[in-house]
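S.K.: Quick one: structure below, then a few questions.
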Amino acid sequence: MTESQSEVVMEIKELGISYITKQGKVRAAEDVSFKIHYGEFVGLSGESGCGKTTTALAVMHLLPKEGIIEGGEIFFKGRNILEYTDDEVLEYLWRDVSMIFQGAMNALNPVHKVIDQMTTAIRIHEDVSEEEAMERSLELIDSVGIDVSRADGYPHEMSGGMKQRLMIALALVCHPALVIADEPTTALDVMVQAQILELLNQLRERTSLSLLLITHDLSVIAETCDNAIIMYAGRIAEMGTTKKIFSEPEHPYTMKLISSFPSVLTEKGIDFIPGNPPDLINPPSGCRYHERCDYVIDRCRHEVPPLEDEQGHRVACWRRHDI
Ligand SMILES: Nc1ncnc2c1ncn2[C@@H]1O[C@H](COP(=O)(O)OP(=O)(O)O)[C@@H](O)[C@H]1O
Ligand SMILES: [Mg+2]
């Protein structure tokens with residue numbers, strides 16, 4: 001990832017997370033490290049089950065009880081949030097970092113008017129009057145492109161696209177420095193997807209917001225993010241500027257992912273990746289991708305390739321320079 005002069009808002013260091021299940025320990029994230037700077041949009045991608053949501057939930061202190069942090073640190077503005085007290089976590093959530101959840105459109109509370117949910121969120125975190133909270137909510141609703149006259153409605157009166165806009169407004173309500181959006185466009189039709197991406201692009205022009213955008217859809221990242229991180233089976237396979245990742249991917253998995261999304265760059269047609277991501281209870285030895293890789297050599301089966309940095313472009317592949 002490009003090391004810019006700007007300040008780091010979030011730094012994840014060697015994060016490891018497992019889920020304890022009856023079948024065994026699911027190693028959902030291992031040795032995950034990356035930084036997000038102020039104002040930066042970072043895309044996190046990879047097939048379903050590779051640990052994207054798990055990483056986000058750890059940043060939000062919202063892992064389910066079977067989710068265990070095995071190691072590592074998560075720094076927000078220089079402080080390790082994993083050491084926060086319960087009170088500090090309450091203060092941190094939504095005010096410092098907020099999250100738009102996967103399938104979030106259904107997360108709006110159906111029995112409350114949307115405007116009331118927003119003013120309540122503001123007043124939980126800040127000592128402001130009802131009027132001020134209302135004014136700020138209406139401003140935000142307007143800024144996500146919804147007619148303020150609709151603000152007085154209930155969630156069921158809104159279309160899917162409106163609800164998703166409102167979820168974005170709700171995530172911004174306490175002016176967090178970082179927003180995590182987990183598959184924010186996945187359930188939407190193509191037209192509405194485009195509008196939501198447009199909205200995110202407008203927000204980046206108007207604010208200094210940092211965004212961690214999680215999506216299995218690489219074209220979404222190509223359209224909105226400065227940097228991209230590709231995860232495979234709980235580990236980072238490759239990361240760098242979006243431009244580099246899309247024009248000169250160096251990990252065989254990234255190459256396959258890009259060629260399986262014809263809308264992104266290629267017109268060659270769809271190139272599916274054969275096989276499924278591995279079982280994370282017994283992950284493959286060595287490089288976790290080796291069983292599906294076209295370029296596998298013996299070393300890949302036995303030794304975990306380190307994520308090697310060359311001018312901000314990080315790749316975990318033994319064959320980085322000879323394929
Ligand atoms: N609560 C849970 N209990 C057990 N395993 C889980 C739980 N949540 C996720 N997992 C497993 O952890 C891995 C990573 O999941 P997840 O972070 O949701 O991936 P992604 O968001 O990339 O699709 C997967 O193997 C998934 O089955
Ligand atoms: Mg997910």
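Only the coordinates and a few stated rules stand behind these numbers; no lab work does. In this text the structure is predicted, and so the values were computed from the model without any measurement. Positions of Cβ are generated from backbone atoms using ideal geometry, with glycine treated the same way; all protein chains shown enter the neighbour counts.
S.K.: Would you check which residues across region 35-53 are of a type outside the set (Ser, Thr, Tyr) and on the phi < 0 side of the Ramachandran plot and list them?
M.R.: Listed by number, the residues that qualify are Lys35, Ile36, His37, Glu40, Phe41, Val42, Gly43, Leu44, Glu47, Cys50, Lys52.
S.K.: Pro110 is checked against (1) of a type outside the set (A, V, I, L, M); (2) in contact with a Phe, Trp or Tyr (Cβ under 8 Å, 6 or more places away or on another chain); (3) surrounded by 13 or more Cβ atoms within 10 Å (Cβ to Cβ) and fails just one. What number does that condition carry?
M.R.: (3)
S.K.: Output the number of residues of region 22-49 satisfying the condition of being of a type outside the set (Gly, Ala, Ser) and away from ligand 1 (no atom under 16 Å from the Cβ). Show your work before the answer.
M.R.: As a first pass, look at region 22-49 and keep what is of a type outside the set (Gly, Ala, Ser): 22-23, 25-27, 30-32, 34-38, 40-42, 44, 47.
Still in the running and away from ligand 1 (no atom under 16 Å from the Cβ): 35-38, 40-41.
Number of matching residues: 6.
S.K.: Check whether at least one residue in region 17-32 is free of Cβ contacts under 8 Å to residues at least 40 places away in the same chain, surrounded by 17 or more Cβ atoms within 10 Å (Cβ to Cβ), hydrophobic (A, V, I, L, M, F, W, C) and over 21 Å from Leu170 (Cβ atoms), and report yes or no. Working first, answer last.
M.R.: First, the residues of region 17-32 that are free of Cβ contacts under 8 Å to residues at least 40 places away in the same chain: 22.
From what is left, the residues that are surrounded by 17 or more Cβ atoms within 10 Å (Cβ to Cβ) are none.
There is no residue in region 17-32 that is free of Cβ contacts under 8 Å to residues at least 40 places away in the same chain, surrounded by 17 or more Cβ atoms within 10 Å (Cβ to Cβ), hydrophobic (A, V, I, L, M, F, W, C) and over 21 Å from Leu170 (Cβ atoms).
S.K.: Which condition number in (1) away from ligand 1 (no atom under 16 Å from the Cβ); (2) under 15 Å from the mean Cα position of the chain (by Cα) is the one that Asn201 fails?
M.R.: (2)
S.K.: Only strands (runs of 3 or more DSSP E) wholly contained in region 211-323 count here; list those with 3 or more residues that are of a type outside the set (Ser, Thr, Tyr) and either on the phi > 0 side of the Ramachandran plot or in contact with a His (Cβ under 8 Å, 6 or more places away or on another chain) (or both).
M.R.: Here the list reads 235-241.
S.K.: May I pose another question? Only one of Ala228, Ala233 is touching a Pro at 6+ places or on another chain (Cβ under 6 Å) and within 16 Å of ligand 1 (Cβ to nearest atom); which?
M.R.: Answer to the check: Ala233.
S.K.: Just name the residue that is farthest from the chain's Cα centre (by Cα) out of those in region 31-67 that are among the β-branched types (Val, Ile, Thr) and near ligand 2 (Cβ under 10 Å from one of its atoms).
M.R.: Going through the qualifying residues, I end up with Thr54.
This table checks each residue for (1) in a helix (DSSP H, G or I); (2) of a type in the set (D, E, K, R); (3) under 20 Å from Cys225 (Cα atoms); (4) within 16 Å of ligand 2 (Cβ to nearest atom).
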| site | (1), (2), (3), (4) |
| --- | --- |
| Ala29 | no, no, no, yes |
| Ile69 | no, no, no, no |
| Glu73 | no, yes, no, no |
| Glu88 | yes, yes, no, no |
